[in-house]
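Beneath this line is the structure, given in structure tokens, with notes to follow.
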Amino acid sequence: MSDTVVTPALAGATRLPEPGPLPNRLQLTDDGQLRHLLTIEGLNRDLLIEILDTAESFANMNEKAVKKVPLLRGKTIVNLFFEASTRTRTTFELAAKRLSADVLNINISTSSAVKGESLLDTLRNLEAMNVDMFVVRHEESGTAHFIARHAAPGISVLNAGDGRHAHPTQALLDMFTIRRHKGDFTKLKVAIVGDILHSRVARSQIHALNILQTGEVRVVAPCSLLPADVDQLGVHVYNDLDAGLKDVDVIIMLRLQRERMEHAHLPSEHEYYQLFGLTSRRLQLAHPTCLVMHPGPANRGVEIESAVADGPHSVILQQVTYGISVRQAVMSMVMGAHQS
Amino acid sequence: MSVLIENVRIIDPADDYDEVGALCLQGAEILARGQVPDGFEPRRRIDGTGLWVFPGLIDLSARMREPGEEHKATIASETLAAARGGITSVVIPPDTDPPIDSPAEIELIARRARQACGVRVYTLGALTQRLEGQQLAEMAALQQAGARGVSNAHKPLSSLLVLRRALEYATTFGLTTVLPAQDLSLTGSGCMHEGAVSTRLGLSGIPEAAETAALGAILALVEQTGARVHVARLSTRRGAEMIAKARAEGLPISADVAAHQLFLTEVDVAEFDPNGHVIPPLRAQRDRDGLREAVARGDISAICSDHQPHEADAKLGPFASTEPGISALETLLPLTLRLVEDGLLSLGDALARVTSGPAEILGFEQGRLGAGARADFVLYDPAALQEVRQLDWLSSGRNSPFFGWTFSGQVRETWVAGRPAWTQPTKGNTE
């Protein structure tokens, strides 16, 4: 389970460019502790492993009869969701409650936000209620950065998904899942399959996998669903699913949103499933002990066959379970950084 | 009034003049350049020792937000900022509110300009009515009212056929058509350059082809119609190469670039800095270098500010929902002269890109200092140092990515029509 051996990247794998100082200036304290969690990019390996280790201790606790600890008693956490979410919001809520925090769920449809107060006004009003942490989801990339930049000192911001940019806790729970099942990242081949272009999950996963020195990170998609210069994120690009799945240890399937047909990214769900759907037959191309993951909600028959989603390789439901522990870990760490 | 500026280095790129001597003004005009004419009895003498004088800058694109968006800026506030930046003539694009599609708006702007600090304010008329891209605007009336050219700003034309007819009609009156090269369908919801940085930030990208595809169509129609076209705000290396080739073939086409495009790149958008949000977007390093080369060669013959002042709220939000644009009047001259320090081009050539170059594009008389020219000029102290600071910023728009930058040299005085429009306050003598 431990992952402390540092090995160089496999020859030929593109590594991340040196992360700039800025993301960390915002999300880390001067002594390197996590103050906000906005993006995985730029975090160092030790910090990522610390988060995963902390999550591990919460996971053990979550398997016991009494799951609640008083770590964040008296703290108020606001789930500020400008975009619909079930899984992420409920697991954040549960994580906060298991840490004994008070939780406020605020769902704001963007249309009413446009009519009424600005994002900053919303923020200021909530700050006036003396909250300690914002968990933010918004359809626009950079919103968590924006809020972190303008929030009062002492308030932590956790990014629960901003546009196409980042979804760091999802990536962390995915890393947690992989580590629990596979251990050492340096020996792994991981394929991320589907709509990379629009996926904040994929971006955060790619950063996390590279920071953890994963042997090989692949993305598999038609060219119309790949962002420009995606290889510069440190991935190998495949346009053919069969080739991309060859011998991989982990397959991460991404959700295909139906509106992609309307904007001419794809001709039809039917053709997409024929070419990029994960079926039992294709799964056999991967390593025999391959994990199948999906951030949910899965479109059965569009990107994944039901038999695979529910099959022995699938860890999709465990991802949800682990999501609580990982979010507990992040929440306790950012509040700890503020108190120190 | 007659004025003599003595012992000053006179740089007049219109005819490659660069000598230390005297500049004599009579009323609103230059009486003599170099030697003092016999019998000239100036009412005022200025010692220009150690100073430079060069023509006032002509800025081909500065939005002053009036009429319609006075909460952002006004002609009064922005002409003062222009004067401080050594700019003596500005051109306002037609996308005011209401747009400049009738003589009424041109007259309103002229009236406001007369009440301001003296900087000359010009307009581009709308190419189509209400800038809707369908029916042609009354270009002859606009020209008679004073419009220096016609443009549809960043608003789309409904088809290439409308563009063709508009070019033909504008040619009837010898009007230059000013067109940004931007295909709006390829731009889509894009808010920054499409490339590695947009991929990393998860922001919608604007591909290079949004510029080059539009430019291809423009060049084809210039070739077809023979119309005189000025391409506004190039942003790509490839676009600059297309312009160079078209000029070499003798097409009646010119181009400009915004000064910030010669210094900033997509990297300046990270991490979601709204001051890096401009249209066309800041592009890759190789684009910036390509634009610089085109400026040095003269294929891009004008550098403009592309001034777009905003109120603070317009830049407060997640990146894509902030309004694009930089408040840039006060940094046009410092950035242009920085190109000289960078070894890209000579002082004369750099000044040509902001004086005689733009003058030629829209047919202005000013932009030179020879005898009989308009007395629009900058008295400049090359030894001064200035830091770009919010504290003494004059534009109402505080949206500049250049705060904190330090430049050598400073405008001492800006004169328009033989009268000072701006004088740099000396220490202990703030105006």
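A short reminder: the numbers here are calculations on the coordinates, not readings from a lab. Quick caveat, the model's predicted, so the values are computed rather than measured. Glycine also receives a Cβ, built like all others from the backbone with ideal geometry; neighbour counts cover every protein chain displayed.
Of note:
- Nitroxide proxy distance, nm - points 7 Å out along Cα→Cβ at B:V340 and A:Q274: 6.6 nm
- Cut-off under 5 Å, modelled amide H: who pairs with A:A286 long-range: A:D247
- Length gained on full extension, B:F173 to B:L316, computed as 0.36 nm times the residue gap minus the Cα-Cα distance: 47.1 nm.
- Plainly put, the protein assembly as shown has a radius of gyration that is 1.05 times its Kirkwood radius, both from alpha-carbon atoms, as the Rg/Rh ratio.
- Chain A, helix-only ellipticity at 222 nm - DSSP H runs n ≥ 4, -39,500 (n - 2.57), divided by all residues, nearest 500: -11500 deg cm²/dmol
- Linear extension gain, B:V267 paired with B:E365, 0.36 nm per residue minus alpha-carbon span: 31.3 nm
- HN-Hα J in Hz across region B:149-164 - Karplus 6.51, -1.76, 1.60, θ = phi - 60°, x for Gly and Pro: x, 10, 7, 10, 6, 8, 7, x, 9, 5, 7, 5, 5, 4, 4, 4
- Beta bridges assigned by DSSP with both partners in the protein assembly as shown are antiparallel in approximately 35 percent of cases.
- Of all beta bridges that DSSP places with both ends in region B:1-146, some 55 percent have antiparallel geometry.
- Taking Cα centre as origin and charging only the Cβ of basic (Lys, Arg, +1) and acidic (Asp, Glu, -1) residues, the dipole magnitude of region A:168-319 rounds to 420 debye.
- Considering only GluC sites (Glu not before Pro) in DSSP loops that have at most 16 other Cβ atoms within 10 Å, the longest stretch of chain A without any of them is A:140-261.
- Straight-line cross-link partners of A:K189 among the aspartates and glutamates, defined as a Cα under 17 Å from its Cα and at least 8 positions apart when in the same chain: A:D3, A:D174, A:E216, A:D231, A:D240, A:D242, A:D247, A:D249.
- Residue-wise HN-Hα couplings along region A:281-290, as the Karplus relation 6.51 cos²θ - 1.76 cosθ + 1.60 with θ = phi - 60° gives them from phi, are 5, 5, 4, 5, 6, 7, 4, x, 9, 4 Hz; Gly and Pro carry x.
- Peptides ranked, highest mean first, by Cβ atoms within 10 Å: ranges B:136-147, B:170-181, A:237-248: B:170-181, B:136-147, A:237-248
- Projecting the Cα atoms of A:M335, B:F407, B:L57 onto the dipole axis of the protein assembly as shown, where Lys and Arg carry +1 and Asp and Glu carry -1 at the beta carbon, places A:M335 farthest toward the positive end.
- Note on region B:56-362: with charges restricted to the Cβ of Lys and Arg (+1) and Asp and Glu (-1), its dipole about the Cα centre is near 500 debye.
- Those aspartates and glutamates that a straight Cα-Cα span of less than 17 Å connects to A:K68, excepting residues fewer than 8 apart in one chain: A:E56, A:E93, A:D102
- Approximate spin-label separation B:E29-B:R114, in nm, with each point projected 7 Å along Cα-to-Cβ: 2.3 nm
- Cubic angstrom per residue, convex hull over Cα atoms of region B:279-341: 105 Å³
- Per residue, the convex hull spanned by the alpha carbons of region A:168-319 comes to 96 Å³.
- Computed from point charges on the beta carbon alone (+1 for Lys and Arg, -1 for Asp and Glu), the dipole magnitude for the protein assembly as shown about its Cα centre is near 1600 Debye.
- Averaging 1/r across all pairs of distinct Cα atoms in region B:1-136 and inverting the result yields a Kirkwood radius of 17.1 Å.
- Loop sites in region B:326-431: trypsin sites (Lys or Arg not before Pro), DSSP, at most 14 other Cβ within 10 Å: B:R389, B:K427
- Each eigenvalue of the Cα gyration tensor of region B:332-401, multiplied by 5 and square-rooted, gives one semi-axis; in descending order these are 24, 17, 13 Å.
- Evaluated over region B:211-279, the Cα radius of gyration and Dmax, each in Å: 14.3, 45
- Normalising the average separation of contacting C-alpha pairs (under 8 angstrom, six or more residues apart) by the number of residues puts the relative contact order of region B:98-159 at 36 percent.
- Cleavage-rule hits (trypsin sites (Lys or Arg not before Pro)) in region A:53-102: DSSP loop, at most 16 neighbouring Cβ within 10 angstrom: A:K64, A:K67, A:K68, A:R73
- Size descriptors for chain B, from the alpha-carbon set: Rg then Dmax equal 20.9, 70 Å.
- Listed residues A:L283, B:M242, B:L31: farthest to the positive end of the dipole of the protein assembly as shown (Cβ charges): A:L283
- Ranked A:M61, A:M333, criterion: other C-beta atoms within 10 Å, fewest first: A:M61, A:M333
- Arranged from fewest to most other beta-carbon atoms within 10 Å of their beta carbon, A:V66, B:V162, A:V135, B:V257 become A:V66, B:V162, B:V257, A:V135.
- Applied to region B:253-263, the Karplus parametrisation 6.51 cos²θ - 1.76 cosθ + 1.60 on θ = phi - 60° returns per-residue 3J(HN,Hα) values of 10, 9, 8, 10, 9, 6, 4, 5, 5, 8, 10 Hz, with x for Gly and Pro.
- If R0 is taken as 22 Å, the Cβ-Cβ distance between A:E262 and B:Q129 corresponds to a FRET efficiency of 0.10.
- In region A:249-327, the ratio of gyration radius to Kirkwood radius, Rg to Rh, stands at 1.01 when only Cα atoms are counted.
- Sites A:R300 and A:N125 - FRET efficiency at Förster radius 45 Å, r taken between beta-carbons, to 0.05: 0.65
- In region B:288-373, GluC sites (Glu not before Pro) in a DSSP loop with at most 13 other beta-carbon atoms within 10 Å: B:E365
- For region A:182-239, the convex hull spanned by the alpha carbon atoms encloses 70 Å³ per residue.
- Cα centroid of region A:66-103 to Cα centroid of region B:318-364, whole Å: 52 Å
- Entry note, region B:317-400: relative contact order of 32 percent, from Cα contacts under 8 Å with a spacing of 6+ residues.
- Approximating the spin labels as points 7 Å out from Cα along Cα→Cβ, the A:D242-to-A:M61 distance works out to 5.0 nm.
- Cross-link reach list, lysines versus A:K67, counting only Cα pairs under 16 Å and skipping chain neighbours closer than eight places: A:K97
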